[in-house]
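In what follows, a structure is listed as structure tokens, so that the remarks can point back to it.
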Amino acid sequence: MKKELLLGAHMSIAGGVQNAIIRGQDIGCTAIQVFTKSNRQWHAKPLAQKDIELFKETWKNSDIASVSAHASYLINIGSPNKEVAKKSVAALIKEIERCAALGITYLTLHPGARLKDPKDECLNRIAENLDTALSHTPSSVTVSLETMAGQGSNVCDTFQDIAHIMQKSSHTRRISVTLDTCHLYAAGYDITTKKSYESVLQEFDKTIGIHKIKIIHINDSKRELESHVDRHEEIGKGKLGLESFKLLMNDPRFFDVPKILETPKIENYKKNMDILKSLLSEQNKKLLQVS
């Protein structure tokens, strides 16, 4: 049975959220990621019904098969500061509601930073605050916790961290994972050879369950393995090398998972997509309808 390659990039919503669809369509995306509001501000003007309808109509009439969203970077539901945590939960609720209104199923979230708190306390707080947000929002939206590089005091640079949150949560069915290749490598997970790639995925499957990966951020890394530095690079120009992406692109376990570029230069998105497509085997190009 033929499948469709779900590949694209993070697209700007400047001028209206529907414009992200148009921008993605213009460079040949079949999947895109958006912010549903400014990622630099806590508050946002509510979505007007006409804007919701325009977004859905534009999406329906496009070749974009998948649209996911990314939550604001300001949100830190793991913060030990009660005011920041409370503000973050309220902002997350609004983000989930906006996704629900637009028909977006997955919202990627940076899980949080512990600051000076012990990691376990932060992870428990994330689970508790996630539960609060999920219990007050439509069940059509799943929060997808992103694998992090471990820069600063950010948690979830290990699979065990994410598993801890899921085990503590009462809404595990509405929690998934966004796998970021740059973050993964910077955190110390080597996916540059077939053997190490399989070893990492086996560990993920054993710790969390590979079925929980619903989004993949496909980025090269400027920095070396286990650097814990979050610096994205263009595909094939970083430390990951093309072999990592060849393994990922040809992995049938991820054929149905949207792969989203967040590489530094927006003008190179199409070039990076073409590189990724070229890494597919001839058999998989036919299967995934890639010319």
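Here's the yes/no breakdown for (1) free of Cβ contacts under 8 Å to residues at least 12 places away in the same chain; (2) among the hydrophobic types (A, V, I, L, M, F, W, C):
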position	(1), (2)
LYS86	yes, no
GLU97	no, no
ALA101	no, yes
ASP117	no, no
ASP131	no, no
THR158	no, no
ILE162	no, yes
THR192	no, no
- When (1) surrounded by 15 or more Cβ atoms within 10 Å (Cβ to Cβ); (2) out of contact with any helix residue (DSSP H, G or I) (no Cβ under 9 Å at 6 or more places or on another chain) are applied to SER199, the one that fails is (1)
- Message: Condition first: part of a loop (DSSP other than H, G, I, E, B) and exposed (fewer than 15 other Cβ atoms within 10 Å of the Cβ). Now tell me which residues in region 40-75 satisfy that.
- Response: ARG40, GLN41, TRP42, HIS43, LYS45, PRO46, ALA48, ASN61, ASP63, TYR73
- Query: Using beta carbons and a limit of 6 Å, which pairs, at least six apart or on different chains, have the first residue in region 16-38 and touching a residue at least 40 places away in the same chain (Cβ under 8 Å) and outside any helix (DSSP H, G or I) and the second one polar (S, T, N, Q) and buried (at least 22 other Cβ atoms within 10 Å of the Cβ)?
  - Reply: ALA31/SER66; GLN33/SER68
- Do we find a residue being under 29 Å from ILE22 (Cβ atoms) and in a loop (DSSP other than H, G, I, E, B) anywhere in region 87-96? no
- Give the residues of region 261-291 that are of a type in the set (S, T, N, Q) and over 20 Å from the mean Cα position of the chain (by Cα), sorted by residue number. SER278, SER281, GLN283, ASN284, GLN289, SER291
- Residues that are within 25 Å of CYS122 (Cβ to Cβ) and of a type outside the set (Ser, Thr, Tyr): which helices (runs of 4 or more DSSP H) entirely in region 154-266 hold 1 or more of them? 159-168, 181-186, 194-207
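Every read-out reported here was derived from the displayed coordinates using simple, explicitly stated rules and does not represent laboratory data. Remember, it's a predicted structure, so these values are computed and weren't measured experimentally. Reconstructed Cβ throughout: ideal geometry from the backbone, glycine too, with neighbour counts over all protein chains shown.
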